[in-house]
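Everything below concerns the one structure shown next.
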């Protein structure tokens, strides 16, 4: 992490990831980038459907390979790059047949390393195998929910899931949220942890950095009028007046409350629900 001398109020508490020490390319591979328009929280009619989004710096889209359908072909890591659309770093791979693709970069993988997607690949960071071939106790990321559906789980910076058991065609994974769930043994996963583990330590320090990231201001419900939020109103700093915290629309939210749908299709795959609070493990 990099911290600046507190010459201004915004610099006093802010911190940055030291990109110069980790990234090896300044510009992305042009053939794998394109322009795109972000929804910034609006639907096709232009109405706000997700609050606190909007503005931000213009971005280029990087085409990331989450399906890893080039199997049995070794690939060399050419660069480690920054991607403004995600928290982890990305790596540019050059396969032995000459094709180049971006992947989500794992920790401890450097330029010049060789990665392989194959059932016979070694258990080393960056390689990708079916879950049935990965031993218990291994950390994995980029995990498929269904075979050949593309990676869905454990994709944020510093995240990983741990393989804790194999049973009846399923792998039991301890997810980053502490939830333990079953995933098909035929799905594929990458060995290791997602790069840029220091991302969670970044302190923005001032409102301007939030706006550059496309985050608009968030107002506490308790600071609103009673007509605008269930927690609003009252004289001075009043209590919320409810047993459970609620959202603007009266739904339970935050503070360890259960918000999952009772009849969700994947409930049968969850062995242990996630723990909530600051001391979850």
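Each value in this text was obtained by applying a stated rule to the coordinates, not by laboratory testing. Because the structure is predicted, anything quoted here is derived from the model rather than measured. Heads up, the Cβs are rebuilt from the backbone with ideal geometry, glycines too, and the neighbour counts pull from every protein chain shown.
Okay, here's what the table says:
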read-out: Normalised contact order of region 34-87, rounded percent, pairs of Cα under 8 Å and 6 or more residues apart; value: 32
read-out: Burial order of peptide ranges 78-84, 126-132 (average beta-carbon count within 10 Å, highest first); value: 126-132, 78-84
read-out: Anisotropy class of region 152-281 from Cα gyration tensor, a/c 1.5 cut; value: oblate
read-out: DSSP bridge orientation in the chain - percent antiparallel, rounded to nearest 5; value: 95
read-out: Region 56-147, relative contact order in percent, only Cα pairs under 8 angstrom and at least six apart counted; value: 24
read-out: Added length on full extension, which subtracts the Cα-Cα distance from 0.36 nm per residue, residue 110 to residue 43; value: 20.1 nm
read-out: For a label point 7 Å along the Cα-to-beta-carbon line of residue 201, residues of region 107-151 with backbone N under 18 Å; value: 107-109
read-out: Over the chain: helical MRE at 222 nm, DSSP H runs n ≥ 4 each giving -39500 (n - 2.57), nearest 500; value: -500 deg cm²/dmol
read-out: Cα shape, region 1-98, gyration tensor, a/c 1.5 rule; value: oblate
read-out: Top of 33, 24, 218 by mean-square fluctuation, Gaussian network on the chain, Cα under 10 Å; value: 218
read-out: Cα centroid separation - region 162-177 against region 40-74, whole Å; value: 29
read-out: Relative contact order (%) - criterion: Cα under 8 Å, at least six apart; region: the chain; value: 17
read-out: With 5 Å bins from 0: P(r) over region 56-107, alpha-carbon pairs, percent; value: 4, 19, 30, 23, 13, 6, 2, 1, 0
read-out: Inter-centroid distance (Cα atoms) of region 203-281 relative to region 109-137, Å; value: 38
read-out: Relative compactness, region 206-277, computed as alpha-carbon Rg over 2.2 N^0.38 Å; value: 1.49
read-out: Zone of residue 33's modelled label, taken as backbone nitrogen in region 47-69 under 13 Å from a point 7 Å along Cα→Cβ; value: 58-63
read-out: Hydrodynamic radius by Kirkwood, which averages 1/r over all alpha carbon pairs of the chain, in angstrom; value: 21.7
read-out: Among 198, 99, 179: highest mean-square fluctuation, GNM of the chain, C-alpha pairs under 10 Å; value: 99
